[in-house]
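A.B. asks: Next up is a structure, given as structure tokens.
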Amino acid sequence: MTNGEPLNQVFEACDANQQRDRDDLFRLLRQPSISAQNSGVSECAAIVQDLLASAGLATRLLPTAGHPMIYGEWCQAPGKPTLLIYGHYDVQPPEPLDAWQSPPFEPAIRDGRIYARGVGDNKGQFFAQIAGLRAWRETTNALPINVKMLIEGEEEVGSPHLDQTVATHRELLRADLVYTSDGPVLTADHPQVVFGVRGILSLELIARGARHDLHSGNWGGIAPNPAWRLVHLLSTMLDADNRITVPGVLDAVAPVSPAMRAAIERIPLDQDAVLRRLGLAHLPPPADLPYFDRLMARPTMNIAGFTSGYGGPGSKTVLPSVATVKMDIRLVPNQRADSIFAKVAAHVAAHAPEVELRRGGSMEPSSTPLDHPFANPVRRAVERGFGGAPLDIPLLGGSLPDAVWTKTLGLPSFLVPYANPDHNNHAPNENLEIARFYAGIRTAASLLAELSAAAELQPGNQD
């Protein structure tokens, strides 16, 4: 357990600084930073660097081929662990603007929530970490552990330069663990600690027929239909029970471990309510596959879009000249994007060699063991910050650039979302409950204390 007296004083500072912390967050939110449109990103980077400096961190910009990353550090605690905190300062485009109840870059408070683009994803969450650090520095003139922060400006466009930048600055980023706050919790009743994410591999299949579209009567049976060619190919890739049938794709999928099963069974779920909200009567086959196994333990092969011929009103008797399918495959731990792509490519070559296969972006899956030595300090910090024991979430169904920490740097990585379940990230009226913002600050402050008390747990000796 931590020494309560310094942390209690830090908590008092957090309470006293609430208005200032909110004002600083509003300053950050007022600055657009839309990476997809290159709008206001460099201006926002300067604000982030200034806020890191306000917490007493030495800062520098790490240039990339795209938008810069901001790095800050305070490493003056010899023999103590080194914590690397990650976040991103870029945001999604705010459109459609007419769906916002208040302007997206003019933060507003309604019913205990802050409304603004980026407040939950991710400015409010990474700034909560900065505010927690600042409370420690202003209370004790020091931090109880070594801290590094890396805030990037391209997460919303797929973090295209994160892995290379981290690999280039491997020594600079040397640490004992990585901590990220992003996304919403599953349920408002429970904070959570997430131990991993599924990866993703995006693909495109293109089939071609004649040089141009043809009359389906005059040429049907003479010219091939590329849409049917893709339909037949796709039917060889996934069976009626939603089992991937591309040889080798499932070879590396591991069974659910006892620890993972125990964590899954503790996650509250009203499956009927979820299905009703989606307008569904039941889950797709196989019927006996549990809900969270589908999200955490199994890869998926998804058709994201199928384009061919005519899809407008009425009919058009056309034999299309081209058909395109966009797909994504979610990957689970032990799978690798390069290996899965090679297996899909071999399958396409065997079944439809005339179909063109293009590879899109990818992220590797990532996981940290549930029993990792740093897991308990993280859990205790979350409990102190939010006032309740967190749920362990073994794996998110979605994908984040978490493998850059677990694979490129070889570090344990913990994701602790601070945002409410309905924070509307990537949508109009994005919001963050004010109480959760302040709980995030307390959690960040608590984490430093818990990790300091756990200094015997394999510190990196960053002195």
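A.B. asks: Test Ala207 against the stated conditions and say whether it is over 27 Å from Gly397 (Cβ atoms), at pLDDT 95 or above and part of a strand (DSSP E or B). Don't jump to the end; show me each part of the working.
C.D. replies: Details: over 27 Å from Gly397 (Cβ atoms): yes; at pLDDT 95 or above: yes; part of a strand (DSSP E or B): yes.
Judged against the criteria, Ala207 is a match.
A.B. asks: Identify, by number, the condition in (1) within 26 Å of the chain's Cα centre (by Cα); (2) buried (at least 16 other Cβ atoms within 10 Å of the Cβ); (3) more than 23 Å from Arg294 (Cα to Cα) that Val249 doesn't meet.
C.D. replies: (3)
A.B. asks: So, in segment 225-246, of the ones that are among the polar types (S, T, N, Q) and without any contact (Cβ under 8 Å) to a residue 40 or more places away in the chain, which residue ends up surrounded by the most Cβ atoms within 10 Å (Cβ to Cβ)? Steps first, please.
C.D. replies: Step one: list which residues in segment 225-246 are among the polar types (S, T, N, Q), which gives 225, 235-236, 242, 245.
So of that shortlist, the ones also without any contact (Cβ under 8 Å) to a residue 40 or more places away in the chain come out as 235, 245.
Values: Ser235: 12, Thr245: 14.
Looking at residues that are among the polar types (S, T, N, Q) and without any contact (Cβ under 8 Å) to a residue 40 or more places away in the chain, I get Thr245.
This table checks each residue for (1) touching a residue at least 12 places away in the same chain (Cβ under 8 Å); (2) touching an Asp or Glu at 6+ places or on another chain (Cβ under 7 Å); (3) aliphatic (A, V, I, L, M).
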site: Tyr310; (1), (2), (3): no, no, no
site: Pro313; (1), (2), (3): no, no, no
site: Thr317; (1), (2), (3): yes, no, no
site: Pro320; (1), (2), (3): yes, yes, no
site: Ala323; (1), (2), (3): yes, no, yes
site: Asp328; (1), (2), (3): yes, no, no
site: Ala342; (1), (2), (3): no, no, yes
site: Ala350; (1), (2), (3): no, no, yes
site: Glu354; (1), (2), (3): yes, no, no
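A.B. asks: Of everything in segment 361-375, what is surrounded by 14 or more Cβ atoms within 10 Å (Cβ to Cβ) and at pLDDT 95 or above? Give them in sequence order.
C.D. replies: The answer is Glu364, Pro365, Ser366, Ser367, Thr368, Pro369, Leu370, His372, Pro373, Phe374, Ala375.
A.B. asks: If a residue has to be crowded, with 24+ Cβ neighbours inside 10 Å and either free of Cβ contacts under 8 Å to residues at least 24 places away in the same chain or out of contact with any strand residue (DSSP E or B) (no Cβ under 6 Å at 6 or more places or on another chain) (or both) to count, how many in segment 418-441 make the cut?
C.D. replies: Summing the residues that are crowded, with 24+ Cβ neighbours inside 10 Å and either free of Cβ contacts under 8 Å to residues at least 24 places away in the same chain or out of contact with any strand residue (DSSP E or B) (no Cβ under 6 Å at 6 or more places or on another chain) (or both) in segment 418-441 gives 6.
A.B. asks: When you go through (1) without any contact (Cβ under 8 Å) to a residue 24 or more places away in the chain; (2) within 22 Å of Arg298 (Cβ to Cβ) one by one for Pro333, which number turns out not to apply?
C.D. replies: (1)
A.B. asks: Would you pick out the residues in segment 219-240 that are touching a Gly at 6+ places or on another chain (Cβ under 9 Å) and among the polar types (S, T, N, Q)?
C.D. replies: Applying the first criterion (touching a Gly at 6+ places or on another chain (Cβ under 9 Å)) to segment 219-240 yields 223-227, 229.
Scanning segment 219-240 gives a single hit, Asn225.
A.B. asks: List the strands (runs of 3 or more DSSP E) inside segment 358-463, counting only whole elements, that have at least 2 residues being touching a helix residue (DSSP H, G or I) at 6+ places or on another chain (Cβ under 7 Å) and assigned by TED's automatic domain parsing to the domain that holds Gln164. Step through it out loud before you land on a result.
C.D. replies: Working: elements: 391-393, 413-415, 431-433.
Where strands (runs of 3 or more DSSP E) fall fully within segment 358-463 and carry at least 2 residues being touching a helix residue (DSSP H, G or I) at 6+ places or on another chain (Cβ under 7 Å) and assigned by TED's automatic domain parsing to the domain that holds Gln164, they are 413-415, 431-433.
A.B. asks: Same structure again: Take segment 92-115 and flag every residue that is at negative phi, small (Gly, Ala, Ser) and assigned to a loop (DSSP other than H, G, I, E, B).
C.D. replies: Pass one, segment 92-115, residues at negative phi: 92-110, 113-115.
Next, only the ones that are small (Gly, Ala, Ser) stay: 99, 102, 108.
Of everything in segment 92-115, just one residue is at negative phi, small (Gly, Ala, Ser) and assigned to a loop (DSSP other than H, G, I, E, B), namely Ser102.
A.B. asks: Tell me which of these Ser181 doesn't satisfy, since it passes every other one: (1) in contact with an Asp or Glu (Cβ under 9 Å, 6 or more places away or on another chain); (2) closer than 24 Å to Ala439 by Cβ.
C.D. replies: Among (1) in contact with an Asp or Glu (Cβ under 9 Å, 6 or more places away or on another chain); (2) closer than 24 Å to Ala439 by Cβ, the lone unmet condition for Ser181 is (1).
A.B. asks: Would you call Leu415 modelled with pLDDT of 95 or more, of a type in the set (A, V, I, L, M, F, W, C), over 15 Å from the mean Cα position of the chain (by Cα) and closer than 15 Å to Tyr86 by Cα? Please lay out each step first, then the result.
C.D. replies: Values: modelled with pLDDT of 95 or more: yes; of a type in the set (A, V, I, L, M, F, W, C): yes; over 15 Å from the mean Cα position of the chain (by Cα): no; closer than 15 Å to Tyr86 by Cα: yes.
Judged against the criteria, Leu415 is not a match.
A.B. asks: Can you give me the ranges of the strands (runs of 3 or more DSSP E) entirely in segment 124-200 with at least 1 residues that are over 17 Å from the mean Cα position of the chain (by Cα), among the basic types (Lys, Arg) and at pLDDT 95 or above?
C.D. replies: Numbers: elements: 146-152, 177-180, 192-194.
Answer list for segment 124-200: 146-152.
A.B. asks: Restricting attention to segment 39-58, does a residue exist that is free of Cβ contacts under 8 Å to residues at least 12 places away in the same chain and not small (Gly, Ala, Ser)? Spell out how you get there, then give the answer.
C.D. replies: Step one: list which residues in segment 39-58 are free of Cβ contacts under 8 Å to residues at least 12 places away in the same chain, which gives 39-40, 46, 50.
From what is left, the residues that are not small (Gly, Ala, Ser) are 50.
Yes, the conditions are met somewhere in segment 39-58.
A.B. asks: Does segment 1-35 hold any residues that are modelled with pLDDT of 95 or more and of a type in the set (A, V, I, L, M), and which are they?
C.D. replies: Matches in segment 1-35: Leu7, Val10, Ala13, Ala16, Leu25, Leu28, Leu29, Ile34.
A.B. asks: Still on this structure, please answer the following. Scan segment 332-353 residue by residue and report those that are part of a loop (DSSP other than H, G, I, E, B), at negative phi and either in the same structural domain as Val193 (by TED's automatic domain parsing) or loosely packed, with under 13 Cβ neighbours inside 10 Å (or both).
C.D. replies: Applying the first criterion (part of a loop (DSSP other than H, G, I, E, B)) to segment 332-353 yields 332-336, 352-353.
Filter once more, keeping what is at negative phi: 332-333, 335-336, 352-353.
Matches in segment 332-353: Pro353 only.
A.B. asks: Name the one entry in Ala116, Ala99 that is touching a helix residue (DSSP H, G or I) at 6+ places or on another chain (Cβ under 9 Å) and hydrophobic (A, V, I, L, M, F, W, C). First the steps, then the outcome.
C.D. replies: Values: Ala99 fails: touching a helix residue (DSSP H, G or I) at 6+ places or on another chain (Cβ under 9 Å).
Every option except Ala116 fails the conditions.
The values are calculated or read from the model by the stated rules, or taken from the named source; none is laboratory data. Only a predicted model underlies this, so the values are computations on that prediction, with no experimental measurement involved. Cβ sites come from the backbone with ideal geometry, for glycine too, and all protein chains shown count toward neighbours.
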